[in-house]
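Engineer: Once you've had a glance at the structure underneath, I'll fire off some questions.
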Amino acid sequence: MPSLDRQDNVFVLDLGEGENRFHPDWLTAVSAALDEVEKAEGPRALVTAATGKFYSNGLDLDWLFAHADQHQHYVASVHELFARMLSLPVITVAALQGHTFAAGAMFSLAHDFRVMRADRGYWCLPEADINIPFTPGMASLIQSRLAPQTAHEAMLTAHRYGGTDAAAAGIVDQAVSEDAVRSTAIEIAQAQVDKADDTLGTIKSRMYAPTLATLRDTTSPLG
């Protein structure tokens, strides 16, 4: 399960060491960690990271298929995670040490910055290959955070981007060696800790107002 630590003014949320799929209990734990970050006072920033082969493989499809009656509520809760991260009133940095797929890739896009391992691991939106259409909220998030041509290619072709390719496409801000992923993310976060306040949250909320409204539409999250 996710765990929250603090290094000086930077909170580090470790998502786990498995596939880090979005099981409801996992979502609850991440939400509680974000509560702690948001309620803290003074300079601060947030890094999310993981341990092992995966950063996140996204939706917990096994749980979802076993609880089909909760499909709409589950998707709404995932959307709320994206919306909350996108508008969090602190600078956020995703440290992508491993595979970052589907809703896990979308979660990374909800961060302000991304650092990815250069030599192994892929960032990918595989929905076109697995016959799962993007929800309106997911599509809006992706298109609000990527250049149009990159969003087009990533969404329609399910291309797998290695770290270097992801950096060239503007999906991530830096591609670095494995042992530098987390430390680089922390350095980026540390440089921005003084920007943690309501003003930052307002700026983000106004920048991404249409996307946030779509993500928080609980009447028809599936479109």
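The values are calculated or read from the model by the stated rules, or taken from the named source; none is laboratory data. Predicted model only: the values in this text are computed from it and were never measured. Quick reminder, even Gly has a Cβ in these numbers, built from the backbone with ideal geometry, and neighbours come from all protein chains shown. These area figures cover heavy atoms from the full protein model, side chains too; ligands, DNA and RNA do not enter into them. Shrake-Rupley method; radii C 1.70, N 1.55, O 1.52, S 1.80 Å.
Engineer: Over the heavy atoms of ASP165, what accessible area does a 1.4 Å probe trace out, to the nearest 10 Å²?
Structural biologist: 90
Engineer: Report the relative contact order of the chain, percent, no decimals, based on alpha-carbon pairs under 8 angstrom and at least 6 residues apart.
Structural biologist: Working: 451 pairs, mean separation 54.1, N = 223.
Relative contact order comes out at 24 percent.
Engineer: Then there is this: What percent does the relative contact order of region 27-142 come to when contacts are Cα pairs within less than 8 Å and at least six residues apart? Could you put the intermediate results ahead of the total?
Structural biologist: On the way: 151 pairs, mean separation 33.5, N = 116.
The normalised contact order for region 27-142 reaches 29 percent.
Engineer: For the chain, just the Cα atoms, rotate onto the principal axes and tell me the three extents in Å, largest first.
Structural biologist: Sorted largest first, the three principal extents are 43, 37, 32 Å.
Engineer: Of TRP63, TRP123, which has the most accessible area with a 1.4 Å probe, and how do the rest follow in descending order? Working shown, then result.
Structural biologist: Numbers: TRP63 40, TRP123 0 Å².
Descending order: TRP63, TRP123.
Engineer: Using θ = phi - 60° and the Karplus curve 6.51 cos²θ - 1.76 cosθ + 1.60, what whole-Hz ³J(HN,Hα) does each residue of region 7-21 get, with Gly and Pro shown as x?
Structural biologist: Once θ is set to phi - 60°, the couplings for region 7-21 become 10, 6, 9, 10, 7, 10, 9, 8, 6, x, 10, x, 7, 6, 6 Hz.
Engineer: Now a separate question. Starting from the Cα coordinates of region 125-223, work out the convex hull volume and express it per residue in Å³. Mind dumping the intermediate values first?
Structural biologist: Details: hull volume 12.5 nm³, N = 99.
Cα-based convex hull of region 125-223, divided per residue, equals 127 Å³.
Engineer: Another one. Using the Cα gyration tensor of region 177-222, with a ≥ b ≥ c the square roots of its eigenvalues, what is the shape: rounded (a/c below 1.5), prolate (a/b larger than b/c) or oblate (neither)? Present the calculation step by step, with values, prior to reporting the outcome.
Structural biologist: Values: a/c = 4.48, a/b = 1.71, b/c = 2.62.
Oblate, because a/c is 1.5 or more while a/b does not exceed b/c.
Engineer: Now a separate question. Report for region 1-125 the percent antiparallel among DSSP-assigned beta bridges with both residues inside it, nearest 5. Walk me through the numbers before you get to the answer.
Structural biologist: Working: 5 of 23 bridges.
Of the beta bridges lying entirely in region 1-125, close to 20 percent run antiparallel.
Engineer: Just to confirm, what accessible area per residue do you get for region 69-223 at 1.4 Å probe, in whole Å²?
Structural biologist: Details: 6780 Å² over 155 residues.
About 44 Å² of surface per residue is accessible.
Engineer: Determine the dipole magnitude for region 82-144: charges of +1 sit on the beta-carbon of Lys and Arg, -1 on that of Asp and Glu, nothing else is charged, the reference point is the Cα centre, and the result goes in debye to the nearest 20.
Structural biologist: Taking the Cα centre of region 82-144 as origin, the dipole is about 160 debye.
Engineer: Average the reciprocal distances over every distinct pair of alpha-carbons in region 1-86, invert the result, and give the Kirkwood radius in Å. Don't skip to the end; give the middle numbers.
Structural biologist: Details: mean 1/r = 0.0730 Å⁻¹.
Final number for the Kirkwood radius of region 1-86 is 13.7 Å.
Engineer: Moving on to the next point. Please list the non-local residues whose amide H lies under 5 Å from the amide H of PHE22, H modeled 1.01 Å from N, same-chain partners needing a gap of 5 or more.
Structural biologist: GLY58, LEU59, ASP60
Engineer: Something else about it: Multiplying the sequence separation of MET1 and THR199 by 0.36 nm and subtracting their Cα-Cα distance, what value in nm do you get? Kindly include the intermediate steps, with their values, before the conclusion.
Structural biologist: Numbers: separation 198, 0.36 × 198 = 71.28 nm, distance 3.16 nm.
Taking 0.36 nm per residue and subtracting the Cα distance, the gain is 68.1 nm.
Engineer: To continue, here is another question. Place +1 on the Cβ of every Lys and Arg and -1 on the Cβ of every Asp and Glu in the chain, take the dipole about the Cα centre, and give the residue among PHE134, THR51, VAL115 whose Cα lies farthest towards its positive end.
Structural biologist: Positive-most Cα among the choices belongs to PHE134.
Engineer: Residue-wise, which Karplus ³J(HN,Hα) couplings in Hz belong to region 82-90, taking 6.51 cos²θ - 1.76 cosθ + 1.60, θ = phi - 60°, and x for glycine or proline?
Structural biologist: 4, 5, 5, 5, 5, 10, 4, x, 9
Engineer: Considering the options THR100, PRO148, GLN190, tell which one lies farthest towards the positive end of the dipole of the chain, charges being +1 on Lys and Arg and -1 on Asp and Glu at the Cβ, about the Cα centre.
Structural biologist: My answer, from the dipole projection, is PRO148.
Engineer: Would you kindly state the longest site-free stretch of the chain, with sites defined as GluC sites (Glu not before Pro) in a DSSP loop (not H, G, I, E, B) surrounded by at most 14 other Cβ atoms within 10 Å?
Structural biologist: Values: sites that count: GLU17, GLU41.
Segment 42-223 is the longest.
Engineer: About its Cα centre, what dipole magnitude does the chain give when the only charges are +1 on Lys and Arg Cβ and -1 on Asp and Glu Cβ, stated in debye to the nearest 20? Numbers along the way, then the final one.
Structural biologist: Details: 16 positive and 28 negative charges, 85 e Å.
In total the dipole reaches around 400 debye.
Engineer: Quick query: amide H of VAL47 versus all other amide H atoms, modeled in the peptide plane; which residues come in under 5 Å with a sequence gap of 5 or more or a different chain?
Structural biologist: Counting only residues 5 or more places away or on other chains, the set is PHE11, VAL12, LEU13, VAL93.
Engineer: Can you give me the % of accessible surface on the chain that is carbon or sulfur? Probe 1.4 Å, all protein chains present, nothing else counted. Don't skip to the answer; put the middle values down first.
Structural biologist: Details: 5000 of 10010 Å².
Here carbon and sulfur together make up 50 percent of the probe-accessible area.
Engineer: Name all residues of region 13-44 having a backbone nitrogen under 15 Å from the label point set 7 Å from the Cα of TRP63 along its Cα→Cβ direction, giving them as ranges.
Structural biologist: Residues 15-33 fall inside that zone.
Engineer: If you place +1 on the Cβ of every Lys and Arg and -1 on the Cβ of every Asp and Glu, how big does the dipole about the Cα centre of region 123-223 come out, in debye to the nearest 20? Present the calculation step by step, with values, prior to reporting the outcome.
Structural biologist: Numbers: 7 positive and 12 negative charges, 65 e Å.
For this selection, approximately 320 debye.
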